[in-house]
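Structure record follows, encoded as structure tokens.
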Amino acid sequence: MNQDDIERIARTALKDLGADLSKLSVQPVDGRPGQWWIEVRGAGKPMMIACGKGSTPQWVREQICEKYLAQN
């Protein structure tokens, strides 16, 4: 998956949860090609999820949903 794919998956998951999409950021992990940090800022501490090779779209979505619901 590339950065656009991950951002699309994250935006869809957050939209389904009713979250503020403006607080989403997907950034590459320094020195690790093909790995990404997904950051969602909310009322609490920022939610960070690392993904990369081997991460499926479903896994990324599940991680976002689980962590978001645990914080809200």
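Derivation of every value follows stated rules applied to the coordinates shown; laboratory data play no part. Quick caveat, the model's predicted, so the values are computed rather than measured. So basically every Cβ, Gly included, is an ideal-geometry build from the backbone, and we count neighbours across all protein chains shown.
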R41, R61 arranged by Cβ crowding within 10 Å, fewest neighbours leading: R41, R61
- prompt: Using 20 Å as the cut-off for backbone N distance, which residues of the stretch 21-41 belong to the label zone defined by a point 7 Å from the Cα of E62 along Cα→Cβ?
  reply: 36-39
- prompt: Roughly how tilted is helix 57-71, in degrees to the nearest 10 and between 0 and 90, from the longest Cα axis of the chain?
  reply: 40
query: Placing +1 at every Lys and Arg Cβ and -1 at every Asp and Glu Cβ, with all other atoms neutral, what dipole size does the chain have around its Cα centre, in debye to the nearest 20?
result: 100
message: Just to be sure I follow: if Rg is taken over the C-alpha atoms of the chain and Rh is the Kirkwood radius over the same atoms, what is Rg/Rh?
response: 0.93
task: Cross-chain or 8 or more residues apart, Cα under 20 Å: how many lysine pairs in the chain fit that? Count them up, please.
output: 6
- line: The ³J(HN,Hα) series, computed from each phi in the stretch 46-52 with the Karplus coefficients 6.51, -1.76 and 1.60 at θ = phi - 60°, rounded to the nearest Hz and given as x for glycine or proline, is x, 8, 10, 10, 9, 8, x
